[in-house]
1. Between residues in the stretch 338-358 that are under 20 Å from residue 317 (Cβ atoms) and residues that are outside any helix (DSSP H, G or I), which pairs lie under 7 Å by C-beta distance while being six or more apart or on different chains?
2. So residue 266 passes all but one of these: (1) open to solvent by 60 Å² or more (accessible area, probe 1.4 Å); (2) within 25 Å of residue 340 (Cα to Cα); (3) not in a helix (DSSP H, G or I). Which condition number does it fail?
3. Based on what the data block shows, is residue 237 closer than 20 Å to residue 289 by Cα, open to solvent by 50 Å² or more (accessible area, probe 1.4 Å) and modelled with pLDDT under 90?
4. Got a number for residues in the stretch 49-66 being open to solvent by less than 10 Å² (accessible area, probe 1.4 Å) and touching a Gly at 6+ places or on another chain (Cβ under 8 Å)?
5. Is it the case that the stretch 178-198 has a residue that's more than 23 Å from residue 152 (Cα to Cα), within 16 Å of the chain's Cα centre (by Cα), in a loop (DSSP other than H, G, I, E, B) and at pLDDT 75 or above?
6. In the set 46, 104, which member is in contact with a Gly (Cβ under 9 Å, 6 or more places away or on another chain) and surrounded by fewer than 15 Cβ atoms within 10 Å (Cβ to Cβ)?
7. On the basis of being hydrophobic (A, V, I, L, M, F, W, C) and over 17 Å from residue 294 (Cβ atoms), does residue 331 make the cut?
8. Is there any pair with a first residue in the stretch 97-125 that is in a helix (DSSP H, G or I) and a second that is among the charged types (D, E, K, R) whose Cβ atoms are under 7 Å apart and which are 6 or more apart or on different chains, and what are they?
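The values are calculated or read from the model by the stated rules, or taken from the named source; none is laboratory data. The structure displayed is predicted, hence computed values, not measured ones. Cβ placement follows ideal geometry from the backbone for every residue including glycine, while neighbour counts extend to all protein chains displayed. For accessibility, only protein heavy atoms count, side chains too; no ligands or nucleic acids. Shrake-Rupley method; radii C 1.70, N 1.55, O 1.52, S 1.80 Å.
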Amino acid sequence: MKTVFIADDEHNIREGLKFIMDWEEAGFQICGEAANGEEALNGILTKNPSLCLLDIKMPKMNGIDVIMHAREHGYKGKFIILSGYSDFTYAQSAMRYGVEHYLTKPIDEDELSAAVEKIKDKIEKEEATSQKSIHFRKKAKDVILHELITGTGKSDTPLSEEEIQELHLAADIYQVVVYENFLRKASGPTYSFADLLKVANKENHTFEHLEKNQREIILLKGNYALSRFQDFLSHYEKEPPQAGSPLDSLFLAYGKPVTSLEQISISYEEAIALIERRFFCVQGQHTLGFDELPDVEAKEQSLSDDIMQNFSSELSDYLQSFNRKKVAETLHELEEYLYNVKNNITEVKLFLTDLYLQIKEKMNHTYSTAN
């Protein structure tokens, strides 16, 4: 509900204003009163009422000065000026500070009700416009963030310094973290990223968040955020979460830190490439970092039928000879080879499926009576 503050040096007038109309029916609740200008200013700045009924002539500070100081301190509420003097110069002074209604004493109930109704309508229209503005700004920021992080921006025009500051993107260093819920039985992460890092993220100064393909994407901003993330990683890796806990369902991958907005997409691409390689992680492993990303371009390795045949023959031979040591060594070589190929994980899985079927066929051929 909207609030109203009453300021007049005469007690009887303050009491009369409380009952001259049904404030609750009008959509307002009386939140305070004052008997002089200083009390009025303190009450306005403390309670931030939607509307203030303010007498022009008060001890310690007149109404115009109260309005002036309130505006200087950022108060954006509405004023109705009350005065026993029909002096237009007061009204002119008040209007310079956005006062739209100037009522003379004794206050007429109908006149006050009409003024309050107009102010209520104006407040509601401003609130609706503000909500729309917030919605569109958020939507625009979400689009900009998505394009910035994923490197899919269509415009070659970089963000201006003013835009960077307005979007809270200014920082000396950035890092992208991607995390997902990998336990099918879990309904989803129950901790916010701010909870995980134990940071306050008021107005998104510490990190930004968006979702893509059922994954949570975090853009860390600034040395403090990156430091808190490293602290979290150290604790997370040294003391793995208990089985079945919400943290046990998370897998995190993180790209390298970068120092400009234009490089953020590089950190993101690394994090995505790493989270795709969760297939290779050992049981209980919850993180993969940029230092574990293979340099597939330098090694220029890719899946091939010839290599599959070699692994198939070796593993079949070692299995037939019951050579566990060689089987383990060959499997380790296979893992290293697959981890460093350029192919995607789907292709790697198909490679392994075909390899298994080849080995099974060879073993069935050798031991034709085997089930």
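1. 351/303
2. (3)
3. yes
4. Qualifying residue count, the stretch 49-66: 8.
5. Checked the stretch 178-198: at least one residue is more than 23 Å from residue 152 (Cα to Cα), within 16 Å of the chain's Cα centre (by Cα), in a loop (DSSP other than H, G, I, E, B) and at pLDDT 75 or above.
6. So the residue among 46, 104 that is in contact with a Gly (Cβ under 9 Å, 6 or more places away or on another chain) and surrounded by fewer than 15 Cβ atoms within 10 Å (Cβ to Cβ) is 46.
7. yes
8. Within 7 Å, the pairs are 119/78; 120/2; 123/2; 123/78.
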